[in-house]
1. On the full set of protein chains, 1.4 Å probe, figure out the accessible area of residue 283 and give it in Å² to the nearest 10.
2. In degrees, nearest 10, range 0 to 90: what is the angle between the Cα axis of helix 49-62 and the longest Cα principal axis of the chain?
3. With every protein chain left in place, what is the accessible area per residue of the chain in square angstrom, probe 1.4 Å?
4. Which residues among the stretch 300-318 fall inside the zone where the amide N is under 16 Å from a point 7 Å beyond the Cα of residue 265, along Cα→Cβ?
5. Restricting the count to DSSP beta bridges whose residues both fall in the chain, what percent are antiparallel, rounded to a multiple of 5?
6. For a 31 Å ceiling on Cα separation, which of these pairs sit above it: 60/118; 64/181; 78/118; 64/118; 185/319; 60/319?
7. Could you work out the relative contact order of the chain, using alpha carbon pairs under 8 angstrom and six or more residues apart, expressed as a whole percent?
8. Can you give the helix-only mean residue ellipticity at 222 nm for the chain, where every DSSP H stretch with n ≥ 4 adds -39500 (n - 2.57) and the sum goes over all residues, rounded to the nearest 500 deg cm²/dmol?
Amino acid sequence: MDFTSNQRPADMERITTPELADAFIAEAVDAVRAQVGDGKVLLALSGGVDSSVVAALLIKAIGKQLISVHVNHGLMRKGESEQVIEVFRDGLDANLVYVDATDRFLNLLAGVAEPEAKRKLIGAEFINVFAEEAAKLEGVGFLGQGTIYPDILESADGVKAHHNVGGLPEDMDFELVEPVKLLYKDEVRVVGRRLGLPESMVERQPFPGPGLGVRCLGAITRDRLEALREADAVVREEIEAAGQDVWQYFCVVPDMRATGVRDGRRAFDWPVIIRCVNTVDAMTAEVPELDWALLRRITARILAEVPGVCRVAYDLTPKPVGTIEWE
Ligand code: XMP
């Protein structure tokens, strides 16, 4: 396989089995070693499937010559940054720099309500933080990236500009190391499993780069963000425990309050809106008929466990007309 090419060979076999994954890993390890030599590689490790698989692959190939930087922008889901540290630092003995930039991001976002402005601020600040960390390191010549084949196809089509945070800071003078760029998502997952990554990481559902920032609607406040994070954890836990086949499931918390009654007193708290979709390519999506008992269980738990919430709703809107995310 030619790791420098952006063209997947027409006769390349789909990586569907552990044996094919092992063969790919062996080839990729050789290619990375040949490219990097004794140089150092920097990688933005978000904890998403692609960057995690690339990190595990690079650790296998070059060990501590890989410096992974995990920026916690304060908009991660519950337990996600902790999992990155546990899997990579504790489990794989990675050279991992963990940056808790929560205050920096939330201070910057305070009072910003417009969705595109929020996305832009989060993306730009991510690059600032990452560039600052890079500047502290010496002798780094390479940048690892979790580019996968659909990214290459979509960029070539002009369908979408790469909208993930964690993109390459434009003015950094690095040579790219992109070992999974000819693979499709399902193949990346098979490879990740063979590299020993936990199932919860390999099967992680899509999560926007700006994270919970686009699900805490309008101007983000810390208390509402915390309510969202807790409610989201309940939704994930219950849907996973029920084994329901749902492609993406999360919730949003709007910047409005609703009237309720709690302990005999008037409450005036936030609503949580549960969003579940099934889709093939995220271009169109349908809303699954979630089991009623499951919806009631989620509702009861959110109302009992999440401070500041007095109402739970289920979004029935397909895409189109609604997008999957609310912002
Ligand atoms: P929409 O809301 O456009 O979402 O229907 C389609 C899919 O894309 C995900 N999404 C993102 N993924 N960075 C990402 O990597 C982003 O900024 C982003 N915004 C939306 C969304 O979760 C859904 O799966």
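1. Residue 283 exposes around 130 Å² with every protein chain in place.
2. The helix 49-62 is inclined about 30 degrees to the chain.
3. It amounts to 48 Å² per residue over the chain.
4. Flagged as within label range: 307-310.
5. Within the chain, antiparallel bridges account for around 35 percent of the total.
6. The answer is 60/118; 64/118; 60/319.
7. On the way: 532 pairs, mean separation 57.2, N = 327.
In percent, rounded to a whole number, it is 17.
8. After summing the helix terms and dividing by the residues of the chain, the value is -12000 deg cm²/dmol.
The values are calculated or read from the model by the stated rules, or taken from the named source; none is laboratory data. As the structure is a prediction and not an experimental result, all values here were calculated from the model. Glycine gets a Cβ as well: all are built from the backbone with ideal geometry, and neighbour counts include every protein chain shown. Side chains are part of the model used for accessible areas, which takes the heavy atoms of the whole protein and leaves out ligands, DNA and RNA. Shrake-Rupley method; radii C 1.70, N 1.55, O 1.52, S 1.80 Å.
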